[in-house]
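The next block holds one structure in the form of structure tokens; read it before the comments.
The values are calculated or read from the model by the stated rules, or taken from the named source; none is laboratory data. Because the structure is predicted, anything quoted here is derived from the model rather than measured. Here the Cβ is made from the backbone with ideal geometry for all residues, glycine too, and neighbour counts use every protein chain on show. Surface areas here come from the heavy atoms of the whole protein model, side chains and all, with no ligands, DNA or RNA. Shrake-Rupley method; radii C 1.70, N 1.55, O 1.52, S 1.80 Å.
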Amino acid sequence: MRFSIFKMLVMSGWLFLTGGTATMAAENTTMKTNPVSMTAMEKLNPPLPFAITVTEEKLDQVPDYMGPSNPVDMDFPFCPVEIDGEYWVIYKNGYHERVFRFKGTNIENAVRQPDGVATHQQFQGKGKYMLGGMWYNSAEKKLYAFMHCETRGYYSNRDYNNLREIHFATSTDKGLSWKYEGPIITRDDPTQPRPKGSDYSGLYWNGGNGDFSVCVDAREGYVYVYSTNYLWPKTGLKLPCSGDVLFRHQVARCAMSDKMAPGKWHKFYNGAWDEPGLGGKASYVNAYVVTYNDYLKKYLGFNYGGSLAVCTDLAKQDWSPSIVLKGGEWGHGDPYGKNGTFAWHVTDEDKKDIFTGGRTLYLYRYWQKQRGLASRIELGPGETPAMAGYFAEGGWGVINKTMDSRPLYAYEPQFESNDPIESRRTRRVDCESSETTYSAGWEKEANDLYYQRTARVASKAGCSIEFSFTGKDVYWRPFKGPDCGKADVFLDGKLQGTIDCYSEAPTGYQFGFIKTGLDAKMPHVLKVVVRGDKNPLSTGVAVRHMLFEYAAESYSASDCFSSVDGKNLWWNLQSSEGASGALTYADPIWKGTDGCEIGYFHMIPGGSDAVRRWVAPRAGRIRVEGTVASTGKGSDGVWTSIQINGRTLWPRQLLKPGQQKSHDMEATVAAGDRIDFVIGRGGHDSDDRAEWDPTVFYIQTES
């Protein structure tokens, strides 16, 4: 059974309306800043430039593919397509060989036809779904099917941690038989060795692209595929995000004249279409299900989480900030109950065309074998106010098994990411740091969803936080939630904007404020002031501070951890009587021959010491900070020390179980100097263990 993104999507709903008529209102607010370009820093979230009214559309009878009679559990969207004047609905489960075919006059009434077939051998293995949309080339009399492909068991023992790719196949007999054509959109270059998930730096790995929506833009002559890029946790990690997965939207396109051929696809990256579909880079975009609207003369993006954005030019992907829309029953309940359906298609007034519509649209949603639902959407003059909105860069994710449709970023960076925020190099300063100055009125609060399970909270107007730093970029991470209010942010004494910390779901994986391009050599001061007011949807005015980050050439052991020894300048060793030897990676840890072990955060000595080694890439002044804790169940504890080129940097000391010790020191290094973080047994007890995630970062480098 395929575990898909969609099992989590259904927890949020998407324009769920189960009765009556509702005029949609915007729901959530987040920062008044574009987290990538920052050109919109001072701008308020604009309203959508039209009014929307939604009415439930009664479906007296649902077709098999939208209800209990579906021959498969539909956790993926079927493919409506017009073929020589006939209306077809076609789809294929990736682990079945049958291609299901239905024919009718519109999306609501197609009936079962003889099945097609696409064998596993013909399609070079299992896991190739036909979903998200098809395109029929009437000149060629050829049907093009885009396929969500899964490589099962690619990384970790959880079968949903598959590597996703997008391939395609063609048919000249309306889907009865198929020819497999190959991959078109992939994370990796197929001609090169595929890196393992464990090869990625840090706590996550890139799960590739899949679960997509097709947009055929005949006006400009391109076919677009809006796909989801997966970010999965590595094996052996239990992260604060209990859904343990983050997603982003990306887009690739192919000229219709190029007939979808492999090698003819290009990804959108940094405002251009220069990156190849196979292995190229891609920026995040703020769209998923896209249709052109003749009435508005704009493209509409119906996005995850019940949000809507507008674009004027798909070549530029100039999507507006999404506005989260709410009306009727929102669908945050049981994913398998009546709110557990999801909207897959938006059609024109004739209930046929999923690529172009007008003033009247129809929206369809279904899930597995539940009865499908539909809504009628009327567009008109006026606007949909941004009572709350967000500058989404094309992401959404799962937080505590509750969907939140705004961009989410893990607390830790992903160095291999194309996104400048996700791949950031920063020093993290948590809310308990002495480098943060609080006014009166801030209290400590614990929660497993907080960064390091701790936040500082204040509700009284005027309560403030100040943080001084030297660097070109700065980030503020508040914890957002249903009882949170607003805060003003000042940088070097100048008001930058008001940040609304309200979120319908408790949300930690978001930035409240980002500023880039500062003078990297000058000191700066960031100040956050509680306003004491709130979004109308919030139940309170609390502001919860978790951490600041600022740009630094930083090397945290867990951020850099991978199965490639020496990657990011970290090595994993065992050492005895001055002689060092390499450990062997056995997912998810590095192991020695005598019981030594090093993981993301822990170190276990064996017959020899366990050693994390960092090697300086250049000369300069570094700072070495962290906390080591003895967490073994034995009575002996551990010996701990830090050495530089074999000399003492932090003296050897014994930590008994339950004890911990922090270090924060500076040193001057030359290129190639070694910093060793050493854990040894405190005695004969074999159950000695330490939790230690040290960070090395440059204060200055030699020019």
Restricting the stretch 90-110 to residues that are in a loop (DSSP other than H, G, I, E, B) and within 31 Å of the chain's Cα centre (by Cα), which is nearest to Lys352 (Cα to Cα)? Asn93
Considering only the stretch 419-525, give the strands (runs of 3 or more DSSP E) lying wholly within it that have at least 2 residues that are in contact with a strand residue (DSSP E or B) (Cβ under 6 Å, 6 or more places away or on another chain) and among the small types (Gly, Ala, Ser). 454-458, 464-470
Taking the conditions exactly as written (open to solvent by 10 Å² or more (accessible area, probe 1.4 Å) and not basic (Lys, Arg)), does Asp211 satisfy them or not? no
Could you tell me which residue of the stretch 428-480 is nearest to His524 (Cα to Cα), considering only residues that are crowded, with 21+ Cβ neighbours inside 10 Å, among the basic types (Lys, Arg) and modelled with pLDDT of 95 or more? Arg428
Quick one: count up the residues across the stretch 257-278 that are of a type outside the set (Lys, Arg), at pLDDT 95 or above and open to solvent by less than 40 Å² (accessible area, probe 1.4 Å). 5
When the stretch 678-700 is examined, which residues are found to be open to solvent by 20 Å² or more (accessible area, probe 1.4 Å) and in a strand (DSSP E or B)? Arg681, Glu691, Thr695, Ile699, Gln700
Please identify the pairs in which a residue from the stretch 635-661 that is farther than 20 Å from Ile675 by Cα has its Cβ atom under 8 Å from the Cβ atom of a residue that is of a type in the set (A, V, I, L, M) and open to solvent by 60 Å² or more (accessible area, probe 1.4 Å), counting only partners at least 6 apart or on another chain. Gly637/Leu654
Take the residues in the stretch 156-172 that are in a loop (DSSP other than H, G, I, E, B) and at pLDDT below 95; name whichever of them is surrounded by the most Cβ atoms within 10 Å (Cβ to Cβ). Asn162
So Lys281, is it surrounded by fewer than 24 Cβ atoms within 10 Å (Cβ to Cβ), at pLDDT below 90 and more than 30 Å from Tyr136 (Cβ to Cβ): no
Based on this model, can you work out whether Thr640 counts as part of a strand (DSSP E or B), of a type in the set (Ser, Thr, Tyr), within 17 Å of Asp693 (Cβ to Cβ) and more than 36 Å from the chain's Cα centre (by Cα)? yes
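Out of the residues in the stretch 224-255 meeting the condition of being part of a loop (DSSP other than H, G, I, E, B) and β-branched (Val, Ile, Thr), tell me which one is surrounded by the most Cβ atoms within 10 Å (Cβ to Cβ).
As a first pass, look at the stretch 224-255 and keep what is part of a loop (DSSP other than H, G, I, E, B): 234-245.
Imposing the further condition that a residue be β-branched (Val, Ile, Thr) reduces the set to 235, 245.
Numbers: Thr235: 16, Val245: 18.
So, considering only residues that are part of a loop (DSSP other than H, G, I, E, B) and β-branched (Val, Ile, Thr), the one surrounded by the most Cβ atoms within 10 Å (Cβ to Cβ) is Val245.
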Sort out which residues of the stretch 643-666 are over 37 Å from the mean Cα position of the chain (by Cα) and not in a loop (DSSP other than H, G, I, E, B), and write them in order of number. Gln643, Ile644, Arg647, Thr648, Leu649, Trp650, Pro651, Arg652, Gln653, Leu654, Leu655
Can you find even one residue in the stretch 65-78 that is within 17 Å of Ser177 (Cα to Cα) and surrounded by fewer than 19 Cβ atoms within 10 Å (Cβ to Cβ)? no
What tally of residues in the stretch 173-223 results from selecting those that are in a strand (DSSP E or B), farther than 30 Å from Phe355 by Cα and in contact with a helix residue (DSSP H, G or I) (Cβ under 7 Å, 6 or more places away or on another chain)? 1
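Output the residues belonging to the stretch 464-479 that are aliphatic (A, V, I, L, M) and within 28 Å of the chain's Cα centre (by Cα). Explain how you work it out, then say what you get.
Taking the stretch 464-479 as the starting set, the residues that turn out to be aliphatic (A, V, I, L, M) are 465, 474.
The answer is Val474, and nothing else.
Evaluate the following for Tyr292: is it assigned to a strand (DSSP E or B) and either at negative phi or touching a Ser or Thr at 6+ places or on another chain (Cβ under 9 Å) (or both)?
On the way: assigned to a strand (DSSP E or B): yes; either at negative phi or touching a Ser or Thr at 6+ places or on another chain (Cβ under 9 Å) (or both): yes.
Criteria met by Tyr292.
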Pairs, first open to solvent by 40 Å² or more (accessible area, probe 1.4 Å) in the stretch 666-677, second charged (D, E, K, R) and assigned to a loop (DSSP other than H, G, I, E, B), C-beta under 7 Å, six or more apart: Ala671/Arg618
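Do we find that Gly94 is touching a residue at least 24 places away in the same chain (Cβ under 8 Å) and over 15 Å from Gly175 (Cβ atoms) in this structure? So that I can check it myself, show each step before the final result.
Numbers: touching a residue at least 24 places away in the same chain (Cβ under 8 Å): yes; over 15 Å from Gly175 (Cβ atoms): yes.
Considered against the rule, which asks whether it is touching a residue at least 24 places away in the same chain (Cβ under 8 Å) and over 15 Å from Gly175 (Cβ atoms), Gly94 comes out as yes.
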